[in-house]
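Working notes, structure below.
The values are calculated or read from the model by the stated rules, or taken from the named source; none is laboratory data. Because the structure is a prediction, the values reported are computed rather than measured. So basically every Cβ, Gly included, is an ideal-geometry build from the backbone, and we count neighbours across all protein chains shown. The area values use the complete protein model at the heavy-atom level, side chains included, leaving out ligands, DNA and RNA. Shrake-Rupley method; radii C 1.70, N 1.55, O 1.52, S 1.80 Å.
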Amino acid sequence: MADLRGALIGCGFFAVNQLHAWRDLPGASIVALCDRDPARLALVGDQFGIASRYADAAEMLAGEKLDFVDIATTVPSHRPLVELVARHRLPVICQKPFALSIADARAMVAACAEAGVPLMVHENFRWQSPIQAVKAEIDGGAIGKPFWARVSYRSGYDIFSGQPYLATGERFIIEDLGIHTLDIARFLFGEVRSLTARTTRVNPAIKGEDVATMLLDHAGGLTSIVDCSYATRLPVEPFPETLIEIDGAEGTLRLGQSYRMVVNGRDGLRERDLSPPLLPWATRPWHNVQESVLAIQRHWIECLRGGAEPATSGRDNVATFALVDAAYESARTGRTVDMSTI
Ligand code: NAD
Ligand code: 89Y
């Protein structure tokens, strides 16, 4: 079977991971690149040996024969680019955060549904192998029915040098990083009925909030705390690990720092090292995230070939995005937000 022909829009900081993963995966190849910045286009095009290069996405879509498009630009361009690709009736992947607003996210899902094309959001954190292993333990009943949980991401890592735009937006950590941890909470514990959030900014050099604490009431009865911080200076920097605590009716699960999972459950006490592999092109400490890029892109190829809806489809991601919106509203008003109002 011939490789699926993909094009990538946005050759910035993170797209390099996506291009490495596409190069490693059988079944798909990136045949064209687009970036409005000629220097990035040349640098990344040369690095990956991709000769078809465009400054304008519309020109690329008119000029190339493609099976899908991967959008790796920052959020302001997501809606126009997804809608452009939908008009060309091509399957499309869009980086997180999906959109600038929930209205935009819903419009993007509608545009792809009307065009009859699959839409996946590159919501990769739930694809990290330690997170998948936690999910397998819960689904396998290792600790019985979970009733309480915490999904925690606390770091002092300097992400602003690689991603300077993160320092300039009104919204920062919930939109950029909390979106991943909220998605993990949905993935592990199901949909959310109501959410309460508090935020603060510790770093005076940035515009948005860099600390958020959220309390989620899940539809199944579980209560979870989802907390994130880029103002937390720990003795051993955990970036970019998500730590998880779950209490179940028949035991407990802890995913601690350095990817150590301890399950005290139905089968007694077990400890596992869930350290992700270091892919040949990966660099510590990003290797956990980089492995999840490979996993989500593999999933996309399988879904396209098999005609299945991706687990992290646009439709699914609207529910995660709604949690982001609810968190900002709760932090602004001081009130608990009923998710049916978002
Ligand atoms: P970046 O600014 O380094 O790169 C974006 C690139 O897109 C730039 O080269 C820019 O010139 C290009 N671009 C923007 N609009 C364009 C348009 N309309 N047409 C063509 N090119 C355009 O940003 P980044 O740090 O690579 O982040 C990109 C996205 O990836 C963001 O949404 C970010 O949140 C996300 N991200 C995801 C993860 C993850 O783990 N999923 C990690 C880091 C960043
Ligand atoms: O942009 C963010 C993401 O998606 O993962 C980590 C990150 O790069 C910085 O918070």
Whichever lysines have a C-alpha closer than 28 Å to that of LYS207, once near sequence neighbours (fewer than 8 apart) are set aside: LYS96
DSSP beta bridges in the chain [antiparallel fraction, %, rounded to 5]: 60 percent
Mean Cβ count within 10 Å, highest first, over the residues of peptides 104-111, 170-177: 170-177, 104-111
Whether the range 116-229 is rounded, prolate or oblate, judged on the alpha carbon gyration tensor where a/c under 1.5 counts as rounded: prolate
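Over the chain, average the accessible area per residue using a 1.4 Å probe and give it in Å², no decimals.
The answer is 42 Å² per residue.
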Segments 2-9, 218-225 sorted - mean Cβ within 10 Å per residue, highest first: 2-9, 218-225
Burial order of peptide ranges 89-95, 154-160 (average beta-carbon count within 10 Å, highest first): 89-95, 154-160
Gyration tensor (alpha-carbon) shape descriptor, the range 8-66, a/c threshold 1.5: oblate
Nearest-ten-degree value, helix 314-333 long axis tilted from longest Cα axis of the chain: 60 degrees
Charge dipole magnitude, Cβ of K and R +1, D and E -1 - the range 4-117, Cα centre, debye nearest 20: 120 debye
Efficiency of FRET from Cβ geometry, TYR165 and SER52, R₀ 30 Å, rounded to 0.05: 0.65
Sulfur and carbon atoms: percent of accessible area, the range 4-117 [1.4 Å]: 54 percent
The range 4-117: equivalent-ellipsoid semi-axes (sqrt of 5 x gyration tensor eigenvalues, Cα, Å): 22, 15, 13
Using alpha-carbon coordinates, inclination of helix 15-24 to the longest axis of the chain, degrees: 80 degrees
Charge context of GLY220, other residues only, Cβ under 15 angstrom, K/R +1, D/E -1: 0
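Which value results when the Cα radius of gyration for the chain is divided by 2.2 N^0.38 Å?
For the chain, the normalised Cα radius of gyration comes out at 0.98.
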Gyration tensor verdict on the range 61-181 (Cα atoms; rounded if a/c is under 1.5, prolate if a/b is larger than b/c, oblate otherwise): oblate
Distance from the range 57-104 to the range 222-254 (C-alpha centre basis), Å: 33 Å
Angle between the chain longest axis and helix 78-87 axis [Cα atoms, degrees, rounded to 10]: 50 degrees
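Using a 1.4 angstrom probe on the protein heavy atoms only, line up TYR259, TYR165 by accessible area, largest first.
TYR165, TYR259
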